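Encoded as structure tokens, the structure appears first; notes follow it.
The values are calculated or read from the model by the stated rules, or taken from the named source; none is laboratory data. Everything numeric in this text was worked out from a predicted model, so none of it was measured. When we count neighbours, we look across all protein chains shown, and the Cβ atoms used for this are built from the backbone with ideal geometry, even at glycine.
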Protein chains: 2
Amino acid sequence: MRLFKKVAIVGVGLIGGSIALAMKKKKLAGEIVGVSRHRNTLKLALKRGAIDRGSLNLKIIEGADLIVLCAPVGVILNQAREIAAIAPKSAIVTDVGSTKQAIVSRLDKIFPRYIGSHPLAGSQRRGILNAQSDIFKGSLCILTPSRNTHRPTQDKIKRLWLRLGARVITLPAARHDKILSFTSHLPHILAFSLISAVPEGFLKFASTGLRDTTRIAASESELWSDIFLSNRKNILRSLDILQNNLGRIKSAINKKDKRLLNRILKQAKDKRDRL
Amino acid sequence: MRLFKKVAIVGVGLIGGSIALAMKKKKLAGEIVGVSRHRNTLKLALKRGAIDRGSLNLKIIEGADLIVLCAPVGVILNQAREIAAIAPKSAIVTDVGSTKQAIVSRLDKIFPRYIGSHPLAGSQRRGILNAQSDIFKGSLCILTPSRNTHRPTQDKIKRLWLRLGARVITLPAARHDKILSFTSHLPHILAFSLISAVPEGFLKFASTGLRDTTRIAASESELWSDIFLSNRKNILRSLDILQNNLGRIKSAINKKDKRLLNRILKQAKDKRDRL
């Protein structure tokens, strides 16, 4: 069943492309247009049947009743004014940014019918070539309404994510950013730090442990610089806690305190077993 | 083709049980006996056909021409003298401990035909129930000969691992421990620290990133306390480097230095892509 007449996907990468493919498959849109900074991305998105038309120019979003902003956080913030000047006032607007406070506080003022989304899907891979219509199936999507969010806008975007197969919950943007600083941003910082620490010549001795703990360090660096800086305060706090934990383990090893070390590790194991 | 007449596996868990199952499958031993501290483990090992006979008492290893020590590092060190008093002087002895310097320097003096092994196989799971005859297939096994190692002992143990499907390389024990402190021990410490840092209530927001980076924190805590303490100096040094890397990323985030942050992450990503 059609939810929107004309959908504009701004940034047709892994997430934007997957949304387009899923909406096509479920016939949720009359027409889907795509915007990208790269001509080749548009070609591939057309070829994969994700979009009906594509353009390097934001003008193509004219008349859209749904606009999904899928570019990196920094790009979304830079483009917002220009998009608002082109888009109908009645258009529902959402984004898929990985941090929400900076985006929500900005877009909330710019678009009359905006609500933030964060689909916890995707991987270290990126780009339209890795897009899949089913990546949201069984995943969690967090909506971050503000005091200004219109209820019908929230309901419609919630329906969209449900139709794409996601479970949907709502959280204030500030709460979202605090939680994600622990569950997503901190693991990424550790993965980047860990692979940096391993001497090049030792890489060939990597077993599955190192591979798994550093998988997400293969993520796009620009995307993650953006995320880290846009959630700076929360991340600095979660890093403090992590460094404190590391220090406790290090101190137990240094003091050869086996009982303490074992207690720390056991608590960690038990928590991981609950995950 | 039979390589040994009587094989004694001391510690019939994930690795010991898998060696036994694989040797049975390839018919590499006339008889396999198992020693465990737990009666139930012996029952299960018998039931799975991993061993022909089992005992809580080390006496059962009498007359063995191969003894494989598969208990945790600390237990191996404690049992070595007792085992040496029972085992034939001609018995080939190896162990599968995850750190090698402490074990090799000790066992080298106790057993005339000893060489250390470290099969880089296994997982966060443990116990005879998870043992599989094929876990060494395609894995890497590191042998750590010393100046005292007899060449025929090394050749025979190398043949054994090759028959179990592993690639075999040799490294001095000190070098092994240094490398593994980065490629295995450090990832484990990070996984334990990370899961400890995540507030309990946030666990339900975990996506694949957190799951993968903390998978190995589900490992047995006693086993890993042992490993960390038996490779203490190397681990403290690798932790210093890791903490230094973490500090650099934190400082770049703190100073909002996007160029520096992006350069650090890009270098890390490129290294991970080479893994």
* If you take the residues in region A:195-215 that are crowded, with 24+ Cβ neighbours inside 10 Å and among the β-branched types (Val, Ile, Thr), which one is nearest to residue B:218 (Cα to Cα)? -> A:213
* Considering region A:236-249 alone, what residues qualify as being surrounded by fewer than 20 Cβ atoms within 10 Å (Cβ to Cβ) and touching a Leu at 6+ places or on another chain (Cβ under 7 Å)? -> A:243
* Asked: Does region B:227-240 contain at least one residue that is within 7 Å of another protein chain (Cβ to nearest Cβ) and not hydrophobic (A, V, I, L, M, F, W, C)?
  -> yes
* Pick from region B:72-97 the residues that are in a loop (DSSP other than H, G, I, E, B) and out of contact with any Ser or Thr (no Cβ under 7 Å at 6 or more places or on another chain): which of them is surrounded by the most Cβ atoms within 10 Å (Cβ to Cβ)? -> B:97
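Among the residues in region B:177-189, are any over 15 Å from the mean Cα position of the chain (by Cα), outside the structural domain of residue B:134 (by TED's automatic domain parsing) and buried (at least 19 other Cβ atoms within 10 Å of the Cβ)?
Narrowing region B:177-189 to residues over 15 Å from the mean Cα position of the chain (by Cα): B:189.
Filter again for outside the structural domain of residue B:134 (by TED's automatic domain parsing), leaving B:189.
Going one step further and asking which of them are buried (at least 19 other Cβ atoms within 10 Å of the Cβ), we end up with B:189.
Within region B:177-189, one or more residues are over 15 Å from the mean Cα position of the chain (by Cα), outside the structural domain of residue B:134 (by TED's automatic domain parsing) and buried (at least 19 other Cβ atoms within 10 Å of the Cβ).
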* Among residues of region A:37-78, those that are at pLDDT 95 or above, closer than 21 Å to residue A:92 by Cβ and aliphatic (A, V, I, L, M), counted -> 10
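Can you find even one residue in region A:89-96 that is in contact with a Phe, Trp or Tyr (Cβ under 9 Å, 6 or more places away or on another chain) and either of a type in the set (Ser, Thr, Tyr) or closer than 22 Å to residue A:229 by Cβ (or both)? It would help to see each step written out before you state the result.
So in region A:89-96, the residues in contact with a Phe, Trp or Tyr (Cβ under 9 Å, 6 or more places away or on another chain) come out as A:89, A:91-95.
Filter again for either of a type in the set (Ser, Thr, Tyr) or closer than 22 Å to residue A:229 by Cβ (or both), leaving A:94-95.
The answer is yes; a qualifying residue exists.
Looking at residue B:223, is it more than 7 Å from every other protein chain (Cβ to nearest Cβ), over 19 Å from residue A:244 (Cα atoms) and of a type in the set (A, V, I, L, M)?
Numbers: more than 7 Å from every other protein chain (Cβ to nearest Cβ): yes; over 19 Å from residue A:244 (Cα atoms): yes; of a type in the set (A, V, I, L, M): yes.
Yes; evaluated as a whole, the condition is true for this residue.
So which of B:262, B:244 ends up being more than 14 Å from the chain's Cα centre (by Cα), at the interface with chain A (Cβ under 7 Å from one of its Cβ atoms), modelled with pLDDT of 95 or more and over 29 Å from residue B:72 (Cα atoms)? It would help to see each step written out before you state the result.
Numbers: B:244 fails: at the interface with chain A (Cβ under 7 Å from one of its Cβ atoms).
Being more than 14 Å from the chain's Cα centre (by Cα), at the interface with chain A (Cβ under 7 Å from one of its Cβ atoms), modelled with pLDDT of 95 or more and over 29 Å from residue B:72 (Cα atoms) holds for just one of B:262, B:244, which is B:262.
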* Asked: Can you name the condition, by its number, that residue B:252 falls short on among (1) under 30 Å from residue A:126 (Cα atoms); (2) surrounded by fewer than 16 Cβ atoms within 10 Å (Cβ to Cβ); (3) more than 8 Å from chain A (Cβ to nearest Cβ)?
  -> (2)
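Are any residues in region A:204-236 outside any loop (DSSP other than H, G, I, E, B) and of a type in the set (D, E, K, R), and if so, which ones?
Filtering region A:204-236 for residues outside any loop (DSSP other than H, G, I, E, B) gives A:204-205, A:208-218, A:221-230, A:232-236.
Once the filter is applied, which keeps residues that are outside any loop (DSSP other than H, G, I, E, B) and of a type in the set (D, E, K, R), region A:204-236 yields A:204, A:211, A:212, A:215, A:222, A:226, A:232, A:233.
Go through the residues of region A:45-52 one by one and say whether even a single one is within 24 Å of residue A:100 (Cβ to Cβ) and either crowded, with 16+ Cβ neighbours inside 10 Å or free of Cβ contacts under 8 Å to residues at least 40 places away in the same chain (or both). Reasoning before the result, please.
Quick first cut of region A:45-52, residues within 24 Å of residue A:100 (Cβ to Cβ) only: none.
Within region A:45-52, none of the residues are within 24 Å of residue A:100 (Cβ to Cβ) and either crowded, with 16+ Cβ neighbours inside 10 Å or free of Cβ contacts under 8 Å to residues at least 40 places away in the same chain (or both).
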* Scan region B:175-193 and give yes if some residue there is out of contact with any Lys or Arg (no Cβ under 8 Å at 6 or more places or on another chain), under 14 Å from residue B:144 (Cα atoms) and more than 9 Å from every other protein chain (Cβ to nearest Cβ), otherwise no. => yes
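If you scan region B:53-71, which residues turn out to be crowded, with 21+ Cβ neighbours inside 10 Å and either farther than 12 Å from residue B:87 by Cα or free of Cβ contacts under 8 Å to residues at least 40 places away in the same chain (or both)?
Kept after step one, since they are crowded, with 21+ Cβ neighbours inside 10 Å, are these residues of region B:53-71: B:54, B:61, B:64, B:66-71.
Hits for region B:53-71 are B:54, B:69, B:70, B:71.
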